[in-house]
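Trainee: Below is one structure. I have some questions about it.
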Amino acid sequence: MGVRTDEVRKKYLDFFKVSPRNHTEITPAPLVLPEDPTTLFTSSGMQPLVPYLMGEPHPSGKRLVNSQPSLRVQDIEEVGDNRHTTYFEMLGNWSLGDYFKEEQLAWFLEFLTGELSFSKEKLWVSVFEGDKSVPKDTESVEIWKKLGIPDERIFYYDVGKNWWSRSGIPDKMPVGEIGGPDSEVFYDFGEELRLHEKSKWARQKCHPNCDCGRFLEIGNSVFIQYRKEEDGSLKELPQKNVDFGGGLERLTAVTMDTPDIFKIDVFANIISEVEENTGKSYEGNEVEMRVIADHLRACRALIEAGVIPSNKMQGYVLRRLIRRSAVKMRSLKGGLEKKDLNLGFGSGVEMVIEEEVERFGKSLERGVREIEKAKVVDGRKAFDLYQSYGFPWELTVEIAEERGQKIDRKEFEREFGVHQDKSRSSSVGMFKGGLADKGEETVRLHTATHLLHAALRKVLGGHVSQKGSNITAERLRFDFSHGEKLSDDEIKKIEDLVNEQIDKDLEVTSEVMRLEEAKKSGALAFFGERYDEKVKVYTIGSFSREVCGGPHVARLSELGGHVRIVKQESAGAGVRRIYAHILP
Ligand code: SER
């Protein structure tokens, strides 16, 4: 298993270990870093090396090499084309303030053309075009030219493409983050591929970063040279580093002269099991089989790293990967049995997968039927499916789009913003600057409760009055007098009314007055509570006026999102209970 991939990995490691390169091979980091609470997964080889790139001496010296198993959940929706995966091995070599551009670019080219016998004519490169604080990388251009890459195969791009840091472009880098300009190498599979495979690209000008499939990015040399400062500027680090990352699977595909990385051994093994299991062939079913092959390979790595399916953190990612694979398998087979995802991974791994498939299988059929029945699969429907059947949001999109059903993606994304942010953050630091502390969140939900109270009365009628309220950092719960279940239409009206006020960014003010006076002025009061003679009245524009101790936000924009009612139930005779969140 994995013969050719093993060979490419070994060639790379050996090439950088021998003289004159003299790198020391270091052990790759675990996929789940036990002592890093800010990141879900290791997503690049440099991640465990940050302190050394910043100047701390590394025990193994200044020249390091390895192959790092990595997982990038943010690419999950790209999987299905010829080149994207969530899980991959990243070949990496580093100079910690030792060699720089001249050696790095020459060595990588020598590795490609010498060790892997790629033809130099097929290689195109990109370099950084410069921005307000970092100059254009003409140095790399000169080096590439000297190495025999002509002008017409050298492209300049901006920060979006040729700048690398764990958090992306310089503006997104938090204080203390390191990064720098980079130079990427692409393999050209030829004009024919572009015209033939995706005709929509045929009339557009093609370039290495175009997505037509003609070019495959195979390696990236980052010149980590800057650190983000408190004042927002980029400061030169005390040392100039090289951080190279190359996709092992992609490089292996090029050695086989195929732009489809799923043809390489590590995927072909899984795909042939899928073919056997389903009686279908890869040709014609590429998308489904690629998703299954990538996701299950990732699942194996996660389970071997000790992750088990759950609703949180790494466990939730594993759950999504298994469930997404299950849906694809179901669509290939026209049904799903609990052993269908057992594809030769060994009993320990298969047991975990099988249990999850079984758990999911029960609700899968019902969920799929719900999607088929729905006229429009909107954010609310997706949320229901998530809550009732454990459908990860992007799974609903998958299923619905395959059936050509209309999707309001915007609403979808708003609704699931929280989940998305959590998975995306796997590479950019999980909760950095993200979540407010409990106190702030509670204050926001408290203000949202006032808005809901007013909106409920406007939509359902003046008989509505507060019977109870409970707020945690995650949600609000509100009980009110009302005999019937709220219809979908009523819920939508209530939400829309509340969110309209939020969009108006109304001001929230307060004044102290006597209780009698407050009532006379139209302020709602929760009569289950005993009041002092003097009370505080909170007013939100002309929309809501309520006796309350506070505290509240000063303006509705501080709520940071829209209010969404996520659940309703009965809370006794004549009393309804609703639960709501604020979704960013
Ligand atoms: N850190 C860079 C990347 O992940 C190069 O290794 O692309």
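Trainee: For region 5-262, what % of the accessible area comes from carbon and sulfur atoms, probe 1.4 Å?
Mentor: After summing per-atom areas, the C and S share lands at 48 percent.
Trainee: Another question, then. Between Ser19 and Ser388, take the C-beta separation as r, use R0 = 45 Å, and let me know the FRET efficiency to the nearest 0.05.
Mentor: Details: r = 63 Å, r/R0 = 1.39.
The computed FRET efficiency comes out at 0.10.
Trainee: In addition: Multiply the residue separation of Ser281 and Glu110 by 0.36 nm, subtract the distance between their alpha-carbon atoms, and state the gained length in nm to one decimal.
Mentor: Value of the extension gain: 57.7 nm.
Trainee: At 0.36 nm per residue, minus the direct Cα-Cα distance, what do Asp505 and Lys235 gain on full extension? Give it in nm, one decimal, please.
Mentor: Contour length minus the Cα-Cα distance gives 93.4 nm.
Trainee: Find how much the distance from Ser60 to Asp496 grows on full extension, using 0.36 nm per residue of separation minus their present alpha carbon separation; answer in nm with one decimal.
Mentor: Here the answer is 151.0 nm.
Trainee: Working with all protein chains in place, sort Asp488, Asp14, Asp340 by solvent-accessible area computed with a 1.4 Å probe, largest first.
Mentor: Descending order: Asp488, Asp14, Asp340.
Trainee: Still on this structure, please answer the following. Between Lys205 and Glu78, what FRET efficiency follows from the Cβ-Cβ distance if R0 is 22 Å, with the result rounded to 0.05? Each step should come with its number before you reach the end.
Mentor: Values: r = 23 Å, r/R0 = 1.03.
For Lys205 and Glu78, the calculated efficiency is 0.45.
Trainee: If you don't mind, there's one more thing I want to ask. Quick one: pull the percent of accessible area on region 264-362 belonging to carbon and sulfur, 1.4 Å probe, ligands and nucleic acids left out.
Mentor: Of the solvent-accessible surface of region 264-362, carbon and sulfur hold 46 percent.
Trainee: Further, regarding this structure: Rounded to the nearest whole Å³, what is the per residue volume of the convex hull around the Cα atoms of region 438-583?
Mentor: Expressed per residue, the convex hull around the Cα atoms of region 438-583 is 102 Å³.
Trainee: Per residue, how many Å² of accessible area does region 264-362 show with a 1.4 Å probe? Spell out each step's value before the answer.
Mentor: Details: 3890 Å² over 99 residues.
Heavy-atom SASA per residue in region 264-362 reads 39 Å².
Trainee: Keeping all protein chains in place, calculate the accessible area per residue for region 17-117 (probe 1.4 angstrom), answer in Å².
Mentor: Result: 38 Å² of accessible area for each residue.
Trainee: Here's another thing I want to ask about it. Please calculate how many Å² of accessible area region 438-583 carries per residue, with a 1.4 Å probe and no DNA, RNA or ligand atoms counted. Mind showing how you got there, number by number?
Mentor: Details: 7190 Å² over 146 residues.
Accessible surface, normalised per residue, equals 49 Å².
Trainee: Write down Rg/Rh for the chain, rounded to two decimals, with Rg from the C-alpha atoms and Rh from the Kirkwood relation over Cα pairs.
Mentor: Taking Rg over the Kirkwood Rh, I get 1.04.
Trainee: Right, something else. What distance in nm separates the simple spin-label points at Glu358 and Ser465, each placed 7 Å from Cα in the Cβ direction?
Mentor: Those two pseudo-labels are separated by 5.4 nm.
Trainee: Take each of the peptides 373-382, 278-287, 319-328, 262-271, average the number of other beta-carbon atoms within 10 Å over its residues, and list them starting from the highest.
Mentor: By packing density, highest mean first, the sequence is 319-328, 262-271, 373-382, 278-287.
Trainee: For region 438-583, which whole-number percentage of the solvent-accessible area (1.4 Å probe, protein heavy atoms only) is attributable to carbon and sulfur atoms?
Mentor: Working: 3250 of 7190 Å².
In region 438-583, the share of accessible area belonging to carbon and sulfur is 45 percent.
The values are calculated or read from the model by the stated rules, or taken from the named source; none is laboratory data. This is a predicted model, so every value here is computed, not measured. Backbone-built Cβ (ideal geometry, glycine too); neighbour counts: all protein chains shown. We work out accessible area using only protein heavy atoms, side chains counted, and drop any ligands, DNA or RNA first. Shrake-Rupley method; radii C 1.70, N 1.55, O 1.52, S 1.80 Å.
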